[in-house]
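The values are calculated or read from the model by the stated rules, or taken from the named source; none is laboratory data. Note that the structure is a prediction, hence the values are computed from the model and not measured. Neighbour counts run over all protein chains shown; Cβ positions are idealised from the backbone, glycine included.
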Amino acid sequence: MTRDRDFTSVGRALAAPARSAFLNLLMDGTSRPAGELAQGAGVSASTASEHLAVLVGAGLVTCESRGRHRYYALAGPRVATALEALGVLAEPTPVSGYRRSREMQNLAAARFCYDHLAGQLGIALTDAWTRQGWLADGESLSLTGAGADGLRGVGVDVDGAIHARRPTTRGCLDWTERRAHLAGSLGAAVGNQFLEAGWVVRHRSGRGLNVTQSGHDLVQEAWGIDLAVPAR
């Protein structure tokens, strides 16, 4: 039987700017200590602890103790997917100052949406692979035989993705581009290969990614993608 959903508990958990800041910082799939989250949100350690307890209680965030420190992370890809979709409806955080403006530009260019590539890079790859017949055009972005062979050719663990306990492919609505990028276990495998091969590197802070020169060369030569993102 289909039941209506009670969104109030999740709504209450999201109804604080500091909690929104925490979730944005965790959207790249990393685990971060409470102190780092507090600094990123501009709140005290005690205030951060209270807000994080609310997010953990709502099932949006997990907490793991490592020695004397507690590390927080999103509670799985379903939470990341829901937050990314909400981002399409939510108003952008006001940007003030050059540094914050650069951070937002970096996020729009290339980032991780939990464990898969998003932003202009994620959209460009999804579009190219759809044009080449590697992904079927549609909401699920299902993988074709040609796509499996092609992605294996650049080192992506396609077989591991196919046998994972989550959907192999799924379209995830990109909150900056307002279009779908590749998610699911295959999206995660692609993201992992891009990191391991050095085609992208994480920013020292924040969620953004830098596309390296080798990454630019790969996407240009293999899939005809001219990224507007400067190589780093």
Just a yes or no: is a residue in the range 32-47 acidic (Asp, Glu) and more than 29 Å from Asp174 (Cβ to Cβ)?
no
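Matching residues to (1) part of a helix (DSSP H, G or I); (2) surrounded by fewer than 21 Cβ atoms within 10 Å (Cβ to Cβ):
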residue	(1), (2)
Gly133	no, yes
Ala146	yes, yes
Val156	no, no
Arg166	no, yes
Ala189	yes, no
Leu218	yes, yes
Please determine, by comparing only the residues of the range 155-180 that are modelled with pLDDT of 90 or more and β-branched (Val, Ile, Thr), which one is farthest from Gly122 (Cα to Cα).
Ile162
Inside the range 41-70, can you point out the residues that are of a type in the set (Gly, Ala, Ser) and either on the phi > 0 side of the Ramachandran plot or surrounded by fewer than 18 Cβ atoms within 10 Å (Cβ to Cβ) (or both)?
Gly42, Ser44, Ala45, Ser46, Ser49, Ala53, Gly57, Ala58, Gly59, Ser65, Gly67
Please work out if Gly59 is over 23 Å from Glu177 (Cα atoms) and touching a residue at least 12 places away in the same chain (Cβ under 8 Å).
yes
Which count do you get for residues in the range 1-30 that are within 21 Å of Val43 (Cβ to Cβ) and either touching a strand residue (DSSP E or B) at 6+ places or on another chain (Cβ under 9 Å) or crowded, with 17+ Cβ neighbours inside 10 Å (or both)?
14
I need the full set of residues from the range 192-211 which are assigned to a loop (DSSP other than H, G, I, E, B) and modelled with pLDDT of 95 or more, in order please.
Ala197, Gly198, Trp199
For Asp28, state whether it is out of contact with any Phe, Trp or Tyr (no Cβ under 8 Å at 6 or more places or on another chain) and either outside the structural domain of Leu195 (by TED's automatic domain parsing) or farther than 16 Å from Gly87 by Cα (or both).
no
Going through the range 109-128 in order, the residues found to be modelled with pLDDT under 90 and of a type in the set (Asp, Glu) are Asp115
Take the range 115-131 and flag every residue that is among the small types (Gly, Ala, Ser) and either over 22 Å from the mean Cα position of the chain (by Cα) or surrounded by 20 or more Cβ atoms within 10 Å (Cβ to Cβ) (or both).
Ala118, Gly119, Gly122, Ala124
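Residue-by-condition table, conditions (1) modelled with pLDDT under 85; (2) in the same structural domain as Val219 (by TED's automatic domain parsing); (3) under 21 Å from Gly208 (Cα atoms):
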| site | (1), (2), (3) |
| --- | --- |
| Val43 | no, no, no |
| Val88 | yes, no, yes |
| Pro92 | yes, no, yes |
| Thr130 | no, yes, no |
